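Every read-out reported here was derived from the displayed coordinates using simple, explicitly stated rules and does not represent laboratory data. Keep in mind that this is a model prediction, so the values were computed, not measured. Here Cβ is always computed from backbone atoms with ideal geometry, including for glycine, and neighbour counts include all displayed protein chains.
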Amino acid sequence: MDRAALASFLRTRREALRPEDVGLPAGARRRTSGLRREEVASLAAMSTDYYTRLEQERGPQPSEQMLAALARALRLSNHERDYLFRVAGRNAPSPVSAGAHVAPALLRVLDRLDDTPALILSNLGEVLVQNRMSKALMGDHTAYTGLARSEIYRWFTDPQQRLIYPEDDRDRQSRALVANLRFAYGQMGPRSRAGELVSVLEKASTEFAGLWERQEVAQRFADHKTLLHPELGPIEVDCQALFTEDQSQALLVLTAPPRSEGHEKLQLLSVLGHERFPVSN
C-alpha cells in the first residue's frame, strides 16, 4: 500500500469535483476547492474520520468494497479505478467483478434526475445505484449480497419479490427476466457470473428451468408497467433505458404522462418520500 500516492490521488480527485458533478447543491461560497471530505465520505457511505485518515496517510488499508465505494463516489473512470486499487495495495478488479463499478456517464445523468424514479442496473439485474424516488417507490435494493444482488435470482427464489407487480403481470415479468439473463449469458459465457446464476436457478426453480429451455433472448427495458406501492396502490409508469456502449449497465428511468394518475402519484411520492411510505424488501 502506497499511502502517499493513495492520499494524493484521493485529494486531487476530490478537489477536481464540484457539488453539481455529483448531484449535490452548490450552496454558499466554499473556502476550499472541490468537494468537502465529509461529502465524499457520505457519497461512499463511510465515516468522515475514516476518509480523512486516508487523505492524511494514516488510515488502514481499505477493503476492496471500500475502494469500490470511493471509486463510485469520486466518479472515477475504469483506468482511474484500477489505479486506486493498485496504490491501495489491492489487485485491480477483474473484468468479471468490475461490473459493480458504475459507469461515470450514467452516474452523471442519474445525478440530475431527482423528480422521477431512476436506477442503474447491471446486465444481471443488480441494482447498483438508486435515487431517492426509486427507493421511495420500490425500496432500497442496493444492500443485497451474493447472488441475491440479482433481481432475477430473488424473483425465482423469494415470493415476496413479486408483490410489487400485479398478479396477472407476473408471468410476463418472469419471461422477460429469463430472456434478459440469456442475453447476458451470451455476452459473458458459461463460466461467468451469468453462468453461475443459471446453474443455481435451474436447480432452485422449476419455473425458471422451464422458461430457460424456451431459448428466448431479449434485452427489454422500454416498457409500460404497473407497480404496486403498499400505500399509494397501483402506479402506471413508462420505462426507458440508457445503456453503456458494452451493454453491461443501463440507466432505467420511470416516468408517467403529465396529468395522468400515475404522474400525480409520483408527485405525491416525491413529497412524502419513503419514510412515510416504507416498502419492505
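Observations on the model:
- Rounded to the nearest angstrom and listed largest first, the equivalent-ellipsoid semi-axes of the stretch 132-256 from its Cα gyration tensor are 24, 17, 15.
- The chain - Debye-derived log10 I(q)/I(0), Cα point model, q = 0.07, 0.14 Å⁻¹: -0.29, -1.08
- Mean residue ellipticity, 222 nm, helices only, the chain: the sum of -39500 (n - 2.57) across DSSP H runs of n ≥ 4, divided by residue count and rounded to 500, is -13000 deg cm²/dmol.
- Rounded to the nearest 20 debye, the dipole size of the stretch 3-93 about its Cα centre is 220 debye, using +1 on the Cβ of Lys and Arg and -1 on the Cβ of Asp and Glu.
- On Cα atoms only, tilt of 193-204 relative to the major axis of the chain in degrees: 40 degrees
- Translational diffusion of the stretch 134-188, µm² s⁻¹ [Kirkwood Rh, Cα pairs; Stokes-Einstein; 20 °C; 1.002 mPa s]: 174 µm²/s
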